[in-house]
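Only the coordinates and a few stated rules stand behind these numbers; no lab work does. Everything quoted here is computed from the prediction, not taken from an experiment. Cβ sites come from the backbone with ideal geometry, for glycine too, and all protein chains shown count toward neighbours.
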């Protein structure tokens with residue numbers, strides 16, 4: 001197994017700052033915008049962006065929720081191992097809001113497809129955007145593209161993109177792993 | 001994690017890890033059923049037959065709601081209006097239904113062991129919704145889930161099951177579930193309604209209700225099942241109520257605040273008074289709400305073990 005660093009801690013920091021600024025350009029004070037971290041790994045990225053918006057750019061009350069898509073996945077009974085659910089926590093109204101989905105890696109697009117169905121259980125959003133730290137090009141199974149991306153990566157079949165977060169894995173970094 | 005079994009025939013046949021997995025999954029479904037739209041598409045390619053060879057209102061409703069909230073297709077069958085009356089055997093009835101491509105069967109049957117018997121003969125995932133006086137596993141799961149929700153944990157708690165233990169499938173399943181989760185169990189009731197040798201299951205028998213209540217954290221008040229009583233087990237209902245009925249004065253005379261449960265349907269004024277049933281210490285309606293979430297978890301986890309067919 002070989003491992004290559006795609007982004008080191010500084011590069012992750014720069015990408016996050018840029019993504020936060022791009023969000024501000026489009027959403028101004030975030031009065032009508034809510035951030036939704038896709039469980040499990042999108043939550044770290046979403047929490048980090050919320051912190052940057054609040055601490056560095058003094059935008060108060062950025063609404064953040066977590067959405068688990070397990071029960072909406074299209075591979076139930078098809079994948080070898082059982083699907084394990086995570087916590088969904090959305091304690092605000094999504095109806096009529098601009099929603100930003102946040103996930104760490106965009107690969108086939110199937111998780112986002114599930115997320116689009118899942119969010120409807122909480123109301124009808126005005127619009128939905130997608131923010132992803134890593135966009136794996138040429139690997140989409142569905143016509144889904146990000147509105148904001150940290151880095152675009154060309155990864156082939158056996159390769160896997162791993163995103164590490166300081167809170168969970170000790171340091172910020174993105175790796176390309178060849179199995 | 002996945003369940004160690006392909007059917008839910010009784011609590012006896014599952015492990016503590018299975019119960020914990022069902023609880024964790026039920027937590028997620030409890031959140032789902034409190035959303036504006038209370039439905040997920042997980043089981044949209046699964047068909048479930050509810051076979052009720054015995055009357056049921058809430059269990060059947062609860063299962064049907066759980067199935068529909070998972071987007072499964074549901075067919076209902078009740079013995080009263082079926083060919084069972086014309087002499088068809090259980091296997092024949094079920095095989096006929098299965099040949100219509102049903103993936104799972106939820107069955108209530110008056111004969112103990114009907115679920116186990118069926119699981120050996122047919123190719124579908126079976127959930128026992130009560131078999132005679134044997135087991136009622138989903139009721140025990142929702143009871144212990146409700147205790148966990150109210151008290152934080154089941155382990156280390158003292159639980160007394162009061163009333164008609166002899167005819168109760170709820171009692172047996174509860175005893176297994178509570179013990180697997182590390183609770184201590186006593187049973188309390190008239191001697192005629194306590195099965196012989198019940199101590200072999202590791203439960204103590206207490207004939208005095210006041211003593212039992214003083215010992216426990218949770219009291220599960222069972223219904224007196226008049227319909228299963230072929231002979232007279234106690235002199236009068238009034239005498240039963242005097243000795244084993246839970247009323248407010250008794251509840252308030254205890255040193256601590258206990259949790260009161262009842263699997264329903266309640267005979268108000270017999271095993272429990274209206275005042276107690278509607279008090280803050282009773283979690284009877286929580287049990288009903290948790291029943292849907294727990295049954296969704298059971299169906300979801302069992303369905304995930306059914307192999308997807310490409311045809």
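Miscellaneous remarks
- Global geometry of segment A:79-176, whether rounded, prolate or oblate, following the gyration tensor of its Cα atoms and the 1.5 cut on a/c: prolate
- A viscosity of 1.567 mPa s and a temperature of 4 °C, combined with the Kirkwood radius over Cα pairs in Stokes-Einstein, give a translational diffusion coefficient for the protein assembly as shown of 51 µm²/s.
- Relative packing of peptides A:85-96, A:144-155 - highest average C-beta neighbours within 10 Å first: A:144-155, A:85-96
- Per-pair calculated FRET efficiency, R0 = 25 Å: residue B:24 and residue B:205 via Cβ, rounded to 0.05: 0.15
- Per-residue Cβ neighbour rank within 10 angstrom, fewest leading, A:119, B:48: A:119, B:48
- Anisotropy class of segment B:228-303 from Cα gyration tensor, a/c 1.5 cut: oblate
- Separation of the residue A:17 and residue B:255 label points, Cα + 7 Å toward Cβ, nm: 6.4
- Going from the fewest other Cβ atoms within 10 Å to the most, the residues B:150, A:41 appear in the order B:150, A:41.
- For segment A:2-178, the relative contact order works out to 26 percent when only alpha carbon pairs closer than 8 Å and six or more residues apart are counted.
- Reduced Cα scattering model of segment B:81-217, Debye log10 I(q)/I(0), q = 0.19 Å⁻¹: -1.05
- Distance in nm between pseudo-label sites at residue B:96 and residue B:58 (7 Å out along the Cβ direction from Cα): 3.3
- Annotation for segment B:119-178 versus segment B:286-310: alpha-carbon center distance of 16 Å.
- Computed log₁₀ I(q)/I(0) - Debye formula, equal Cα scatterers, no solvent, segment B:8-115, q 0.10 Å⁻¹: -0.35
- For the peptides A:131-141, A:156-166, the ranking by packing is A:131-141, A:156-166, with the highest mean count of neighbouring Cβ atoms within 10 Å listed first.
- Three-way shape call for segment B:137-288 based on the alpha-carbon gyration tensor, with the a/c threshold at 1.5: rounded
- When chain B is treated as a GNM with alpha-carbon contacts under 10 Å, the residue of B:123, B:174, B:290 showing the greatest mean-square fluctuation is B:123.
- Using just its DSSP H runs of length 4 or more, each adding -39500 (n - 2.57), the protein assembly as shown gives a mean residue ellipticity at 222 nm of -10000 deg cm²/dmol after division by all residues.
- Averaged over the residues of peptide B:28-37, the number of Cβ atoms from other protein chains lying within 10 Å of each residue's Cβ is 4.
- Cβ neighbours within 10 Å from other chains - mean over A:71-78: 6
- Taking one quarter of the surface of the convex hull spanned by the alpha-carbon atoms of chain B gives a direction-averaged projected area of 16.5 nm².
- Computed over chain B: relative contact order in percent, which uses C-alpha pairs under 8 Å that are six or more apart: 20
- Quarter of the Cα convex hull surface for segment A:3-159, i.e. its orientation-mean projected area (nm²): 9.7
- Peptide A:79-85 has a mean of 5 when you count, residue by residue, the C-beta atoms of other protein chains within 10 Å of its C-beta.
- Rounded Å value of the spacing that divides the Cα centres of segment A:38-103 and segment B:193-208: 51
- A Gaussian network model of chain B, with springs between Cα atoms under 10 Å, assigns the largest mean-square fluctuation among B:195, B:110, B:137 to B:195.
- Residue A:3 paired with residue B:227, simple spin-label distance in nm, labels 7 Å along Cα-to-beta-carbon: 6.3
- Segment A:114-167, Rg to Rh (Cα coordinates; Rh as Kirkwood inverse mean 1/r): 1.03
- Cα long-axis angle, helix B:169-180 against chain B (0 to 90 degrees, to the nearest 10): 90
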